[in-house]
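Q: So that we are looking at the same thing, I have put the structure below in structure tokens.
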Amino acid sequence: VQLQASGGGLVQAGGSLTLSCAASGRIFSMYRLAWFRQAPGKEREFVAAIVWNGEVTYYADSVKGRFTISRDNAKNTVYLQMNSLNPEDTAVYYCAARRVRATTFTKVWDYDVWGQGTLVTVSS
């Protein structure tokens, strides 16, 4: 499976964006899909994750209530709806996938497939 992220751009504070991550293969075979982000000069950090059936989602405290992760297995795509954006959300956003079940999901090494990033810039 290969992942291709898109949907980034420039948005004003308080605005919304939806990121998409399209898989070249069948994502239903991926146990967990996630979004991470990396701001300039900072480490890559966990944003949100969703398990294979879409019934369980996880969010970083910093985005809880503002971001929503979802997946469409028929379209082989995972989405990140981002609302109430603020300048602190400015980063390159990456999608990632893990093939097999695991109990941990917030670390970079918890995932074995990564897409290229898409830049989100939030202006104040």
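The values are calculated or read from the model by the stated rules, or taken from the named source; none is laboratory data. Keep in mind that what you see is a predicted model, and the values were worked out from it rather than measured. Don't worry about glycine lacking a Cβ; one is built from the backbone with ideal geometry, like all the others, and counts go over all protein chains shown. For the accessible areas, the whole protein counts, side chains as well, though only heavy atoms, and no ligand, DNA or RNA atoms are used. Shrake-Rupley method; radii C 1.70, N 1.55, O 1.52, S 1.80 Å.
Q: Rounding to the nearest 20 debye, state how big the charge dipole of the chain is about its Cα centre with +1 on each Lys and Arg Cβ and -1 on each Asp and Glu Cβ.
A: For the chain, the charge dipole is close to 300 debye.
Q: Starting from the Cα of residue 101, step 7 Å along the direction of its Cβ; do the same at residue 1; then give the gap between the two resulting points in nm.
A: Taking the simple label geometry, residue 101 and residue 1 are separated by 1.6 nm.
Q: So, one more: Of 35, 97, 19, which is farthest towards the positive pole of the chain's charge dipole, taken about the Cα centre with +1 and -1 on the beta-carbons of Lys, Arg and Asp, Glu respectively?
A: 97
Q: Something else: For segment 65-102 and segment 1-51, what is the separation of their Cα centres, given in Å?
A: 4
Q: Leaving out ligands, DNA and RNA, what percent of the accessible area of segment 3-86 is carbon and sulfur, probe 1.4 Å?
A: Roughly 47 percent of what the probe reaches on segment 3-86 is carbon or sulfur.
Q: May I ask you to compute the full-extension gain from residue 108 to residue 29, defined as 0.36 nm times their residue separation minus their alpha-carbon distance, rounded to one decimal in nm?
A: 26.5 nm
Q: Per residue, what accessible area does segment 30-107 have, given a 1.4 Å probe and all protein chains present, in Å²?
A: 50
Q: Name the residue farthest towards the positive end of the dipole of the chain from the options 53, 122, 87, assuming +1 on Cβ of Lys and Arg, -1 on Cβ of Asp and Glu, about the Cα centre.
A: My answer, from the dipole projection, is 53.
Q: Mind running the shape call on segment 72-124? Use the C-alpha gyration tensor, a ≥ b ≥ c as the square roots of the eigenvalues: rounded below 1.5 for a/c, prolate if a/b tops b/c, oblate otherwise.
A: It comes out prolate by the Cα gyration axes.
Q: Taking the Cβ of residue 106 as the center, what net charge do the other residues with Cβ under 14 Å away carry, scoring Lys and Arg +1 and Asp and Glu -1?
A: +2
Q: Still on this model: Hey, what do the phi angles of segment 32-42 turn into as Karplus ³J(HN,Hα) couplings, whole Hz, using 6.51/-1.76/1.60 and θ = phi - 60°, x for Gly and Pro?
A: 9, 10, 8, 10, 10, 9, 9, 8, x, x, 10
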